[in-house]
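Working notes, beginning with the structure itself.
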């Protein structure tokens with residue numbers, strides 16, 4: 001007898017839940033069907049907008065440069081520019097930079113996207129310029145979107 005009451009109560013409960021769900025669905029308007037409204041903290045939306053704005057302004061990607069020399073002393077500036085000129089003679093297609101990091105003038109080469117690219121160039125130039133190193137620091141390199149994305153599938157291989 002007790003089992004029949006439990007069964008009846010369970011059936012009544014399931015029936016009432018089904019009816020209430022059906023009534024709740026029938027009260028939604030047809031124009032609101034298929035729309036999802038998300039309410040949340042407005043500060044999250046502001047952060048996303050700020051991130052998008054920053055990405056539109058900054059036209060750089062992370063990359064690596066090879067440090068050829070770190071020069072200090074009275075004539076370090078002159079020696080740095082001489083070394084830069086020599087690097088341009090040997091590697092005319094590679095960008096060369098002089099960075100003044102007080103009190104040193106650092107001569108760096110390359111705009112490498114990966115450390116592997118930088119290492120390949122480093123092994124090539126070590127014979128001519130011993131003591132060169134890949135800096136662990138990542139630099140922001142300028143980029144052109146067309147250089148990163150191939151125009152067709154044939155350009156990928």
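Would you confirm whether any residue within the range 93-109 is surrounded by 11 or more Cβ atoms within 10 Å (Cβ to Cβ) and at pLDDT below 80?
Just the residues of the range 93-109 that are surrounded by 11 or more Cβ atoms within 10 Å (Cβ to Cβ), to begin with: 94-100, 104-109.
Retained after the next criterion (residues that are at pLDDT below 80): none.
Scanning the range 93-109 turns up no residue that is surrounded by 11 or more Cβ atoms within 10 Å (Cβ to Cβ) and at pLDDT below 80.
Which of the residues that make up the range 64-89 are in a helix (DSSP H, G or I), surrounded by fewer than 17 Cβ atoms within 10 Å (Cβ to Cβ) and either without any contact (Cβ under 8 Å) to a residue 24 or more places away in the chain or in contact with a helix residue (DSSP H, G or I) (Cβ under 8 Å, 6 or more places away or on another chain) (or both)?
Listed by number, the residues that qualify are 78, 81, 82, 85, 86, 88, 89.
Can you give me the number of residues within the range 39-63 that are modelled with pLDDT of 75 or more and in a loop (DSSP other than H, G, I, E, B)?
Of the residues in the range 39-63, 3 are modelled with pLDDT of 75 or more and in a loop (DSSP other than H, G, I, E, B).
The values are calculated or read from the model by the stated rules, or taken from the named source; none is laboratory data. On a predicted model such as this, the values are computed, not experimentally measured, just so you know. Counting neighbours? That spans all protein chains shown, and the Cβs are built from the backbone with ideal geometry, glycine included.
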